[in-house]
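Asks: Structure below; questions to follow.
The values are calculated or read from the model by the stated rules, or taken from the named source; none is laboratory data. All values derive from a computational prediction rather than experimental measurement. Here the Cβ positions follow ideal geometry from the backbone for every residue, glycine too, while neighbour counts run over all protein chains shown.
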Amino acid sequence: MKVRRGIQDITAYAPPIEQRVEQEYLLLDFNESTLPPDRHVAAALKGFIDAGRLRMYPAYRRFLERLARYTATQAGQILLANGSDQAIEVVMRAVLDRGDEVVIPQPAFAIFAHVADVEGARVIAPRYRPDMSFPFEEVLAAVTPRTRLIVVISPNNPTGTTAAPEQVRTLLERFPDVAVLVDEAYYEFTGKTVAAWIGRYPNLVVTRTFSKAFALAGLRLGYALGDAAFIGELHKIRGPYDVNMLAVCAAEASLEHPEAWRAYVREVMTRAKPMVERFLTEHGVAFFQGEANFMLVRPADVDAAYEHLRRNGILVRPQRGVVADMFRLSVGTVADMQRFMDVYARFLSAQPAPPRRAAAP
C-alpha cells in the first residue's frame, strides 16, 4: 500500500513503553503519578459500568461545564482530546500547511516535531540555554513571515524549566497572526498558567492533560483551551466521539474529589523533591532543578547509572541530543524517593573516586 512520501520519510513516534512491567519496577521514567487514583475514581468507574452506560455513545456537556469551572473558562473554549497528544496534534493540523514554519525550542516533548513532520512543516529549533532556561531572545529571532506556530512548553519536558508569563505575552502581542501554543501538562505541579488570557488573545491556545497529577495516563484524556471560534474550528478535525466516557467519568470524579491528588502534589513538590535535591547536592551529583515533578540528573556515567537502577528495580529515562549525558528522574512519594536514594547511594559508593589534582607549584 502506497503512502505519501512525507510519511515514508519519517519514523514512528514510539516511546519505550512495551518493555515496562509495572509489577517489577518503580516507574520513575515517564513522569506518571506513582500512586493510583483514589477510591472516588474507582467508585465512579464502577458505577458507570454497573449502570450499563458502556453501550452508549459519549456525551460531554456536563463534564465540559465542570472542567470550565476548574479552568476558569467557558465550555465553548474547551476541546476535549484523547490525551494532550491528540490536543497538540489537532491544534497543529489546524494551523500548519506544508512548507509552513513552526518554532519549537529544543529539547522538547517529541510529539511536537513528529506532528510537524507529518504535516510537512519545517521545524525551527532554538536551543535551550546551558542553564536550561527558556531561549526567549532566540525564539523572537526565529520567527519569520513563514512562521505559523510558536510552541512554548511550560514547564518544559525534559528540562523542567518554564517560560515567564511576560515572555509569553510578548510573543502573543508581537506576533498576533501567529498561533502560540502553551503546553501546561504539569500545571497542577506549578500552579502557573496563562489560561486567564484566553479571552484576551485569540492567537493563544493552552493544552493540558489528566495523565500526570490526576494519575489517569492509561485512560488518555487531555484538553485544549482557546478562543471559542478557534475551538470551533478544532472540532472539525477531532472526531465527535474520540474521547471515551470512562476517561471523562474518572476525570469528573477527580475534579469533584481533589483531596487525594492535591495531597500527592504537595508531597512531591514540598517534601520528596527537596529531599532528592539535598541528596544529590550532598553527593556531588549535578542536576537541573526544574519546576515540575521531575528533574534532569547528570551522573558521571549515565549508562552505568541507568543500568544500576534498572537492575535494582527502578526505571529512569535516559536522554538524547543536547542532554544525552543525563537521565530524567520522575519524582514520586517520599517513600518512592527514599528507595531511589538508597539504590543510587550504592551506585555512587561503588564508583571509583575521581583522580586527585596535583597541587599547584
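Asks: Could we say that LEU216 is of a type outside the set (Lys, Arg), buried (at least 18 other Cβ atoms within 10 Å of the Cβ) and under 23 Å from THR73 (Cα atoms) here?
Replies: yes
Asks: Name the pairs whose Cβ atoms lie under 8 Å apart, with the first residue in segment 57-75 and surrounded by 16 or more Cβ atoms within 10 Å (Cβ to Cβ) and modelled with pLDDT of 95 or more, the second among the polar types (S, T, N, Q) and not in a loop (DSSP other than H, G, I, E, B), and 6 or more positions between them or separate chains?
Replies: ALA68/GLN77
Asks: Let me ask something else. What are the residues in segment 326-361 that are at pLDDT 95 or above and among the charged types (D, E, K, R), if any? Step through it out loud before you land on a result.
Replies: Going through segment 326-361, the residues at pLDDT 95 or above turn out to be 326-348.
Answer for segment 326-361, where residues must be at pLDDT 95 or above and among the charged types (D, E, K, R): ARG328, ASP336, ARG339, ASP342, ARG346.
Asks: Report the residue count in segment 72-95 for those that are closer than 14 Å to ASP227 by Cβ and among the hydroxyl-bearing types (Ser, Thr, Tyr).
Replies: At the first step, the residues of segment 72-95 found to be closer than 14 Å to ASP227 by Cβ are 73-79, 91, 94-95.
Next cut, among the hydroxyl-bearing types (Ser, Thr, Tyr) only: 73.
Of the residues in segment 72-95, 1 are closer than 14 Å to ASP227 by Cβ and among the hydroxyl-bearing types (Ser, Thr, Tyr).
Asks: Suppose we keep only residues that are among the polar types (S, T, N, Q) and in contact with a helix residue (DSSP H, G or I) (Cβ under 9 Å, 6 or more places away or on another chain) within segment 134-190. Which one would you say is surrounded by the fewest Cβ atoms within 10 Å (Cβ to Cβ)?
Replies: The selected residue is THR170.
Asks: Need a quick list: strands (runs of 3 or more DSSP E) entirely within segment 252-361 having at least 1 residues that are under 27 Å from ALA42 (Cα atoms) and small (Gly, Ala, Ser).
Replies: 327-330
Asks: Oh, and also: Test each condition in (1) modelled with pLDDT of 90 or more; (2) over 22 Å from VAL265 (Cβ atoms); (3) not polar (S, T, N, Q) for ALA43 and report the one that comes out false.
Replies: (2)
Asks: On to the next question. Note down all Cβ pairs under 6 Å where the first residue falls in segment 116-143 and is of a type outside the set (Val, Ile, Thr), the second is part of a helix (DSSP H, G or I), and they're at least six residues apart or on different chains.
Replies: GLY120/GLY6; PRO126/GLU138; PRO126/VAL139; PRO126/ALA142; PHE136/GLN167
Asks: Only one of these is of a type outside the set (D, E, K, R), assigned by TED's automatic domain parsing to the domain that holds GLY222 and touching a residue at least 12 places away in the same chain (Cβ under 8 Å): ALA305, ALA251, ALA286. Name it.
Replies: Of the residues listed, the single one that is of a type outside the set (D, E, K, R), assigned by TED's automatic domain parsing to the domain that holds GLY222 and touching a residue at least 12 places away in the same chain (Cβ under 8 Å) is ALA251.
Asks: Still on this structure: Please list, ordered by residue number, the helices (runs of 4 or more DSSP H) wholly in segment 1-115 having 3 or more residues that are touching a strand residue (DSSP E or B) at 6+ places or on another chain (Cβ under 7 Å). It would help to see each step written out before you state the result.
Replies: Values: elements: 5-8, 39-50, 61-71, 83-95.
Ranges flagged: 61-71, 83-95.
Asks: Let me ask you something else. How do the strands (runs of 3 or more DSSP E) wholly within segment 140-249 filter down when requiring 1 or more residues that are more than 26 Å from ALA292 (Cβ to Cβ): which remain?
Replies: In segment 140-249, 147-153 are the strands (runs of 3 or more DSSP E) which contain 1 or more residues that are more than 26 Å from ALA292 (Cβ to Cβ).
For (1) within 30 Å of ILE78 (Cα to Cα); (2) among the aliphatic types (A, V, I, L, M); (3) at pLDDT 95 or above; (4) surrounded by fewer than 20 Cβ atoms within 10 Å (Cβ to Cβ), each residue gets a yes or a no:
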position: HIS235; (1), (2), (3), (4): yes, no, yes, yes
position: TRP261; (1), (2), (3), (4): yes, no, yes, no
position: MET269; (1), (2), (3), (4): yes, yes, yes, yes
position: ALA272; (1), (2), (3), (4): no, yes, yes, no
position: PHE279; (1), (2), (3), (4): no, no, yes, yes
position: ARG298; (1), (2), (3), (4): no, no, yes, yes
position: ILE314; (1), (2), (3), (4): no, yes, yes, no
